[in-house]
Amino acid sequence: MKIELKKPTMEDKDSIKAVCNAVDRTYLSERMPDPYTDESAEWWINMIAENDGKTGLWRLIMADGKHVGNISVELGQDVYRKDGEIGYLLLTEYWSKGIMTDAARQMVKLAFEKLDIIRITGLYYEPNLASGRVLEKIGFQNEGKKINGVVKGGKVYNLCITGLLKENFIGK
Ligand SMILES: CC(C)(COP(=O)(O)OP(=O)(O)OC[C@H]1O[C@@H](n2cnc3c(N)ncnc32)[C@H](O)[C@@H]1OP(=O)(O)O)[C@@H](O)C(=O)NCCC(=O)NCCS
């Protein structure tokens, strides 16, 4: 499967809405609107047009030309401004095919090229082993965890913290 990253435009509104409504949210934060409406997609596309390359990078994950997920690296603020946080989601039927490892490797490369950052942080809830594995495969190092750092859907999770330094990224 050919995995490519695409900057979203208004033409992608319908697929963005479909992907965001279908994705498994078990281990995602509650920041993404639920339900995800036309207005949610329009807001997101406009936000990207304004901020892409400045406060972060946001891309659609395309598998053989089909939109199957989203990925981003967002800059911290204030004293965290040289640290980007990676986030991603993928439609369930496309899991365990290596898609996110490929997409995240491309995204990390792009982020180190385009953003003025010295590291990227990857955060995941401890039971989300697949996400932890994706980060590990790209070279993110375990940096510890916040015990009971996350409350989601009536459950409490430890928040695992991983990081990749620019000088250690070997996917260049
Ligand atoms: C987490 C997620 C991005 C993984 O994407 P993916 O394309 O399936 O990941 P990949 O196929 O590239 O790699 C997954 C790795 O995890 C492993 N894995 C999958 N499920 C696992 C499980 N339950 N336990 C342990 N390892 C697991 C796979 O074997 C693979 O490792 P390997 O290549 O060494 O065999 C995807 O499941 C997802 O979008 N989930 C919903 C949203 C989400 O949780 N986002 C992340 C928030 S931090």
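The values are calculated or read from the model by the stated rules, or taken from the named source; none is laboratory data. This structure is a prediction, so every number in the text was calculated from the model and none was measured. Cβ: placed from backbone, ideal geometry, glycine included. Neighbour counts: every protein chain shown. Ligands, DNA and RNA are excluded from the accessible area calculation, which covers all protein heavy atoms including side chains. Shrake-Rupley method; radii C 1.70, N 1.55, O 1.52, S 1.80 Å.
In the list I117, I45, I86, which residue meets the criterion of being of a type outside the set (S, T, N, Q) and within 16 Å of the ligand (Cβ to nearest atom)? Walk me through it before giving the result.
Details: I117 fails: within 16 Å of the ligand (Cβ to nearest atom); I45 fails: within 16 Å of the ligand (Cβ to nearest atom).
Answer to the selection: I86.
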| message | Tally up the residues in the stretch 159-172 that are at pLDDT 95 or above, open to solvent by 40 Å² or more (accessible area, probe 1.4 Å) and not in a helix (DSSP H, G or I), please. | response | 2
| field | Criterion violated by V79 - all others in (1) more than 17 Å from the chain's Cα centre (by Cα); (2) open to solvent by less than 40 Å² (accessible area, probe 1.4 Å) satisfied | value | (2)
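Given the structure, is T101 assigned to a helix (DSSP H, G or I), of a type in the set (S, T, N, Q) and either free of Cβ contacts under 8 Å to residues at least 60 places away in the same chain or within 14 Å of the ligand (Cβ to nearest atom) (or both)?
Details: assigned to a helix (DSSP H, G or I): yes; of a type in the set (S, T, N, Q): yes; either free of Cβ contacts under 8 Å to residues at least 60 places away in the same chain or within 14 Å of the ligand (Cβ to nearest atom) (or both): yes.
Against the criterion (assigned to a helix (DSSP H, G or I), of a type in the set (S, T, N, Q) and either free of Cβ contacts under 8 Å to residues at least 60 places away in the same chain or within 14 Å of the ligand (Cβ to nearest atom) (or both)), T101 qualifies.
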| said: Can you pull out every residue in the stretch 134-159 that is within 11 Å of the ligand (Cβ to nearest atom) and either in contact with a helix residue (DSSP H, G or I) (Cβ under 8 Å, 6 or more places away or on another chain) or on the phi > 0 side of the Ramachandran plot (or both)? | reply: V134, L135, K137, I138
| query | What pairs can you find where one residue is in the stretch 121-137 and closer than 14 Å to I86 by Cβ, the other is part of a loop (DSSP other than H, G, I, E, B) and more than 8 Å from the ligand (Cβ to nearest atom), and their Cβ atoms are less than 7 Å apart, with a gap of 6+ or different chains? | reply | G122/F140
| Looking at L91, is it aliphatic (A, V, I, L, M), within 30 Å of Y157 (Cα to Cα) and in contact with a helix residue (DSSP H, G or I) (Cβ under 7 Å, 6 or more places away or on another chain)? | yes
| message | On the basis of being within 16 Å of the ligand (Cβ to nearest atom), more than 21 Å from S29 (Cα to Cα) and among the small types (G, A, S), does S96 make the cut? | response | yes
| request: Check whether at least one residue in the stretch 151-164 is under 24 Å from A22 (Cα atoms) and among the aromatic types (F, W, Y), and report yes or no. | output: yes
| query | Restricting attention to the stretch 116-158, which residues are in a loop (DSSP other than H, G, I, E, B) and more than 15 Å from the chain's Cα centre (by Cα)? | reply | D116, I117, I118, E126, P127, G139, G153, G154
